[in-house]
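Below you'll find the structure, written out as structure tokens, and then a few comments.
The values are calculated or read from the model by the stated rules, or taken from the named source; none is laboratory data. Quick caveat, the model's predicted, so the values are computed rather than measured. Neighbour counts are summed over all protein chains in view; Cβ atoms, including those assigned to glycine, are modelled from backbone coordinates with ideal geometry. Accessible surface areas use protein heavy atoms only, side chains included; no ligands, DNA or RNA. Shrake-Rupley method; radii C 1.70, N 1.55, O 1.52, S 1.80 Å.
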Amino acid sequence: MTSDISSWTPSKEDLLIVGPSRWTGTAIISDISTEGDRRLIEIGLAERLVLDKVDGVHSVDEIHNSLVADGVNFDERKILAILNKFAFYGAIKRPFAIDQGTRGVDALATLAPNTRLDQLTAAQSSRGILTLWRRFKWLANPAVLAVLAVVGIGSGVLLGFTFPNAVGTLADATVVHLVIGVGVAILWSVLVTLVHENGHAALFNVHTGREPYLALTRFGIILMPNTHMPGFSLMDTRSKVATIVTGPLISMVFSAVPVALFLLTDNPAIHAITAVCIVVDAVVIALGIMFFPNTDATRVLETIAAVDQIQAVAFRTLSRRYTLPKALPVKTRIAIRVYPVLLLSAIAISLAVIVWAAWLILN
């Protein structure tokens, strides 16, 4: 390597955003992007180690020496190749004026990441209930979020205590009331779920400035509403957790509506209809806060543990298809080991509740 290149002092782009590292089961990755760009660039551990050393003060030679001192014995040519890649994609300032070859890659920065194969997304131009998140940005206020947590948890507890009486009511309800109740419950659940998803979207937009949009994600053979948030991987852990938990808290707050009507009325029709709504709300909320794949609870665990698709990683690690390096953070290794137990516990609890509810109806 020539002395001129070794003395180059690379610096990050001023608007560069670097997301936290996470474990995929086979590698440590991070996403990076530039503020104003929609493109996400996935980098591996080697690239992240080099990028973390780029500060606009140290030269390539000094970066190399610093990495060697940290026990990372990269060849200078490898470091230069990584820096050239970063310069090509605009992650670090280009040390030369160049148009040939970069015009196309810069144009691609305006394109959002592709959605997953299991997602069906609404157009970003959608309006109405699909973009209520534009009016929900106040939810990101820490004081509002704290109140939402208190009210939501309280409503969730009340829902749990009311659930047995609601199930018992179904046994005495007329067929007509049950049919009407199922229809109302489905409409109610769809409405609450859409508001729930808009809550996720609002906090994502506040924390990133990026535009989310509604999607449908497969849960087995079932299509479930979901918010597509391109750039979620760039957020810090606290913002991610806040964005995820806002949805379930909103659902819990809304569950107080049928519970209140159920407790405050003696009308048989309203009693039966609200009972069905309570049961549906309880099932939907319970599924969301249990550790099934792609639920909000699982996403919170993935965020805290810094693991991508923890259900796949956990079971492949359990079957020894993946190894679990001891160099990973303790929280990551514990979460991967514990997740199969959490999933099996969720399945067992769900089966027990189904049996209990059947017993209440039949007796």
Quiz item: Taking the chain as a Gaussian network, Cα atoms linked when under 10 Å apart, which of PRO340, PRO325, PRO225 shows the biggest mean-square fluctuation?
Solution: PRO325
Exercise. Answer with one residue from LEU83, ASN267, LEU249: the one whose Cα lies farthest towards the positive end of the charge dipole of the chain, charges on Cβ with Lys, Arg +1 and Asp, Glu -1.
Key: ASN267
Exercise. Would you mind working out the magnitude of the charge dipole of the chain relative to its Cα centre, with +1 at each Lys and Arg C-beta and -1 at each Asp and Glu C-beta, to the nearest 20 Debye?
Key: 460
Quiz item: For labels at ARG238 and VAL257 in the simple 7 Å Cα→Cβ model, what's the distance in nm?
Solution: 3.3
Quiz item: Using a probe of 1.4 angstrom, how much of the accessible area of the chain is carbon and sulfur, in percent?
Solution: 65
Quiz item: In whole Hz, what ³J(HN,Hα) sequence does region 293-306 give by Karplus (6.51, -1.76, 1.60; θ = phi - 60°), x for Gly and Pro?
Solution: x, 6, 8, 5, 4, 5, 5, 4, 4, 4, 5, 5, 7, 6
Quiz item: In deg cm²/dmol, rounded to 500, what helix-only [θ] at 222 nm does the chain give when every DSSP H run of at least 4 residues adds -39500 (n - 2.57) and the total is split over its residues?
Solution: -19500 deg cm²/dmol
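Using square roots of five times the C-alpha gyration tensor eigenvalues, list the equivalent-ellipsoid semi-axes of the chain in whole Å, biggest first.
That gives 49, 23, 16 Å for the three semi-axes.
For the pair ARG316 and ALA69, what calculated FRET efficiency results from E = 1/(1 + (r/R0)^6), where r is the Cβ-Cβ distance and R0 = 35 Å, to the nearest 0.05?
0.50
Run the numbers on the chain and let me know its relative contact order in percent, using alpha-carbon pairs under 8 Å that are six or more apart.
19
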Self-check item: Farthest toward positive dipole pole in the chain [+1 Lys/Arg, -1 Asp/Glu at C-beta], among ILE153, THR237, ALA282
Solution: ALA282
Quiz item: If you build a Gaussian network model of the chain, linking Cα atoms that sit under 10 Å apart, which residue out of ASN294, ASN198, ASN141 swings the most?
Solution: ASN141
Quiz item: How much length is gained if the chain between ARG94 and VAL157 is pulled fully straight, taking 0.36 nm per residue apart and subtracting their Cα-Cα distance, in nm to one decimal?
Solution: 17.1 nm
Exercise. Multiply the residue separation of LEU15 and ILE354 by 0.36 nm, subtract the distance between their alpha-carbon atoms, and state the gained length in nm to one decimal.
Key: 116.9 nm
Quiz item: In a GNM of the chain with a 10 Å cut-off on Cα contacts, which of ALA146, ALA282, ALA201 has the highest mean-square fluctuation?
Solution: ALA146
Quiz prompt | Residues with amide H under 5 Å from that of THR34, placed H, sequence gap 5 or more | solution = ILE17
Quiz item: ILE92's amide H: which non-local residues (gap 5+, or another chain) put their own amide H closer than 5 Å, with H modeled 1.01 Å from N in plane and none for Pro or chain starts?
Solution: GLU13, ALA87
